[in-house]
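Enquirer: A single structure is presented below for examination.
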Amino acid sequence: MGSRVHLTSVVTALTILIGGSGLLWGALNLQRSAIADELHSYAARLLRFEGFAPAAAQRIVDSDAIRNLSDCDTQAQRALVLLEIPLAEAAMRSGATGDFDRHMRSIADRSGRILTCAPRDSLAWLLLFGLEVTQGRIGDHAFELLAASYETSPNEAWVALRRVTVATPVLLSAPEGIRQKILDEFKNLVRHRYVEIPVRAFLAAPASAQKLLQARIEELDTPSQELFARTVQELRS
């Protein structure tokens, strides 16, 4: 039961924060000669939290045109990972276990390709951590992957917003050093006024984890604490 809870929360977090949940868009007629350029554009837009029409995403990840992409075209490989994450969640929620497993294998494979050519890609390390958690493997290896994400991008909000959401569900299972990194990042995001996503992570956390997160918020200045409390009230209502 516990691993299933982790699976749902982590895959949903990745979908919302990496796959996007807002404006849906998607070009359906990618030409082989232009596929890399198109995917570079998709990656940039998905990382700005724009959504992508599921049918378009499925058509792209199944396209013959992507087979000739270089493994070291990191932007293109990243776009394909971002497109496939919501498809994995949809398969999970519909009970299509075969499709879910296929998408998960593909996400793991592409994340590995990214790291082969760009070993300091913090998003790829985070994705691999999330995949470990979805399979109930919440042990030393999983947290080593999360540690690598922190080490390769300790201060960038674009990945921190995603990391806090993926890491918070396993806060209580984390080794002490990693737990402190999760708590510190949570506090620093609120300090820098990136509030909504940390609050959503806070509200989804168990009560014992909320106590640890709340203690970090109480270390902040009064305006930051008030902003956090106000956002909690707004998102609860």
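Enquirer: Going highest first, how would you order 159-166, 117-124 by mean Cβ packing within 10 Å?
Expert: In descending order of packing, they fall as 159-166, 117-124.
Enquirer: Give me the extension gain from residue 94 to residue 37: residue separation times 0.36 nm, minus the current Cα-Cα distance, reported in nm with one decimal.
Expert: 17.3 nm
Enquirer: Still on this structure, I have one more. Using label points projected 7 Å from each Cα along Cα→Cβ, tell me how many nm separate residue 72 and residue 233, to one decimal.
Expert: So the label points at residue 72 and residue 233 sit 5.6 nm apart.
The numbers here are math on the coordinates, done by the rules we state, and not lab data. These figures come from a predicted structure and were not determined experimentally. Don't worry about glycine lacking a Cβ; one is built from the backbone with ideal geometry, like all the others, and counts go over all protein chains shown.
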